[in-house]
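Rule-based calculations on the coordinates, nothing more; no lab input. Quick caveat: nothing in here was measured; it's all calculated off a predicted structure. Cβ coordinates were reconstructed from backbone atoms using ideal geometry, including for glycine residues, and neighbour counts include every protein chain displayed.
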């Protein structure tokens, strides 16, 4: 009798742990979902970008650049881009939708390019509510969650 009571307690504890571990991932999903904005600059331009992270039905995330704004720091009519006049903001429009998988262990969103197999990694910080993207040349862009 005593063994049966102990085994019931063990089974109950294991069941609770399984339920808790399964629900924690959905909390992470809810934390990631939303809109994020960043501001930055380089030698020639100022930037303001907005991205959105949306959940999909299969447990992954759609990530899309909603707006991509930039302006020149100084006037230069010879520039090949739209940014010829300082202070005039130009929007390059929304970007393509990319599908990312969440890596719970290190809080990263991984976007795999289907044709080449290359992986773009976005680091999510749940405490700061930021997403950090590192470009090919090593430049980091930090997106802060918009409330």
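Judged by the ratio a/c of the largest to the smallest principal axis of the C-alpha gyration tensor, region 33-145 counts as prolate, that ratio being 1.5 or greater while a/b is larger than b/c. Projected label points at residue 92 and residue 147, each 7 Å from Cα along the beta carbon direction, are separated by 3.1 nanometres.
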